[in-house]
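The values are calculated or read from the model by the stated rules, or taken from the named source; none is laboratory data. All figures in this text were calculated on a predicted structure; none of them were measured in a lab. No Cβ is skipped: glycine too gets one built from the backbone with ideal geometry, and neighbour counts run over all protein chains shown. Ligands, DNA and RNA are excluded from the accessible area calculation, which covers all protein heavy atoms including side chains. Shrake-Rupley method; radii C 1.70, N 1.55, O 1.52, S 1.80 Å.
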Amino acid sequence: MVSGREYLSTKEVSKLLKVNEKVVYTLVSDKGLPATKVTGKWLFPRHLVEEWLDLYIVNQPAVGNLSLETGRLFLAGSDDLLFQKALGLYNAQGSDAVAFFANIGSMGGLRALRQGICHVAVCHLLEDENEEYNFQFANNEMERSPVFVNFSKRQQGLLVAKGNPKQIHAIGDLAKPGVTIVNRPLDTGTRLLMDYEISRSDVSPDSIAGYHHEVGRHLDAGFAVFSGSVDAAPAIRPVAELLGLDFLPLRWERFDLLISRERFFEPNVQRFINLLHDPNFRKQAETYIGYDMSLSGRMIYPDNATL
């Protein structure tokens, strides 16, 4: 029991749903099964699993059927250090303000938004050979374009050990003999950027040792470099600063919150957006290197007149 709630293991959820454990992981990724990862192990709040099961008695429930009580906020998508700080501040506001986050990558979050099983998708999906983010993917995935609110801009690049002992200065150097990396999963915006940068280089994915070795979070990538098990990893700059690693910048990206128009004005959604303007949050954001908060909390699309 945690905070008065019962949490199930993966094995217990597999028994409850009468599926094998591998299917449970697929349900987390593709169907938004509520879960959290603690010290490397998945935990499932029983009451939320039961609510999720009720929703999926019928296939693909409509947005209007989503069972989200007042104060309960569901977010899904991309991993981020400052975003986790914002979630903590939201949850600290009181027992009637509870946020749950599923780290399932940007595309996973967008799919969850389409299926109506989260309020907010957290995305940073680079459009093909463009400086723009997320719009094309949302148009392809959603019947109606969601509201785009910026969380931050952040710096993406390659993490390398302090002093850069393998002399990695560009994407092409990842294919040098003796260099090994870890990568991010296919549904993540970081992987999309990585593949885009590789496509612009003179090396192929299969020439990079460790290209197919994936880790779920930016911090996991950072720990792999910090421990010396690999030489480089794609991740955001704040991880490099946190772990004392060197950082090779690739680009600044836009990190957005995508919200269905039907749920944009719900109190819990507005409470989270308002948090981005809170002086306490802004002050804490200033302590993180690698973020640009100039657009944070602003509606990027559409404008207020057409919402």
State, to one decimal in nm, how far the label point of VAL19 lies from the label point of ASN274, with both points 7 Å from Cα in the Cβ direction. 3.8
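Please give the net charge around THR287, taking every other residue with its beta carbon less than 14 angstrom from that of THR287, where Lys and Arg add +1 and Asp and Glu add -1. Please report the intermediate quantities before stating the final value.
Details: positive: LYS85, ARG237, ARG282, LYS283; negative: GLU241, GLU286.
Cβ neighbours under 14 Å give a net charge of +2.
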Would you please give the residues with an amide H less than 5 Å from that of ASN183, counting only those at least 5 places away or on a separate chain, with H modeled from the backbone geometry? HIS213, GLU214, VAL215
Give the lysines reachable from LYS41 as a straight Cα distance under 30 Å; neighbours fewer than 8 places away on the same chain don't count. LYS11, LYS15, LYS18, LYS22, LYS31, LYS85, LYS162
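Rounded to the nearest percent, how much of the accessible area of segment 127-170 (1.4 Å probe, protein heavy atoms only) is carbon and sulfur? Can you show the working numbers first?
Details: 900 of 2140 Å².
That share works out to 42 percent.
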If you fit an axis through the alpha-carbon atoms of helix 81-91 and take the longest principal axis of the Cα set of the chain, what angle between them do you get, 0 to 90°, nearest 10? 20
Give the angle, between 0 and 90 degrees and rounded to the nearest 10, that separates the Cα long axis of helix 21-31 from the longest principal axis of the Cα atoms of the chain. 80
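Net charge within 15 Å of ILE208 by Cβ-Cβ distance, Lys/Arg positive one each and Asp/Glu negative one each, not counting ILE208 itself? Intermediate values should be presented prior to the final figure.
Details: positive: LYS166, LYS176, ARG184, ARG191, ARG200; negative: ASP173, ASP195, GLU197, ASP202, ASP206, GLU214, ASP231.
Spelling it out: positives minus negatives among the neighbours equals -2.
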Average accessible area per residue (Å²) across segment 261-303 - probe 1.4 Å, nucleic acids and ligands excluded: 56
Applying 1/(1 + (r/R0)^6) with R0 = 51 Å to the Cβ-Cβ distance of SER294 and HIS47, what FRET efficiency is obtained, to the nearest 0.05? 0.80
For the Cα atoms of the chain, what angle does the longest principal axis make with the long axis of helix 105-115, in degrees from 0 to 90, nearest 10? 20
Put +1 on the Cβ of every Lys and Arg and -1 on every Asp and Glu Cβ in the chain; which of VAL122, PHE272, GLY105 then has its Cα farthest towards the positive end of the dipole? PHE272
Quick query: amide H of LEU295 versus all other amide H atoms, modeled in the peptide plane; which residues come in under 5 Å with a sequence gap of 5 or more or a different chain? LYS153
Segment 93-237, accessible area per residue, ligands and nucleic acids excluded (1.4 Å, Å²): 40
The list (1) 56, 50, 42; (2) 84, 43, 29; (3) 53, 49, 36 gives values of Cα extents along the principal axes in Å, and only one came from this structure; which label was calculated from it? (3)
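Using the beta-carbon distance between GLU143 and SER9 and R0 = 51 Å, what value does 1/(1 + (r/R0)^6) give for FRET efficiency, to the nearest 0.05? Before the final figure, lay out the partial values.
On the way: r = 37 Å, r/R0 = 0.72.
The value I calculate is 0.90.
With a cut-off of 8 Å between alpha carbons and a minimum separation of six or more residues, what is the relative contact order of the chain in percent?
Values: 557 pairs, mean separation 63.0, N = 307.
Once divided by the residue count of the chain, the mean separation gives 21 percent.
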HN-Hα couplings for segment 233-247 via Karplus (6.51, -1.76, 1.60; θ = phi - 60°), in whole Hz with x for Gly/Pro, come out as 7, x, 5, 8, 4, x, 5, 4, 5, 5, 9, x, 9, 7, 9
If every Lys and Arg gets +1 and every Asp and Glu gets -1 at its Cβ, then about the Cα centre the chain yields a dipole, in debye to the nearest 20, of 700
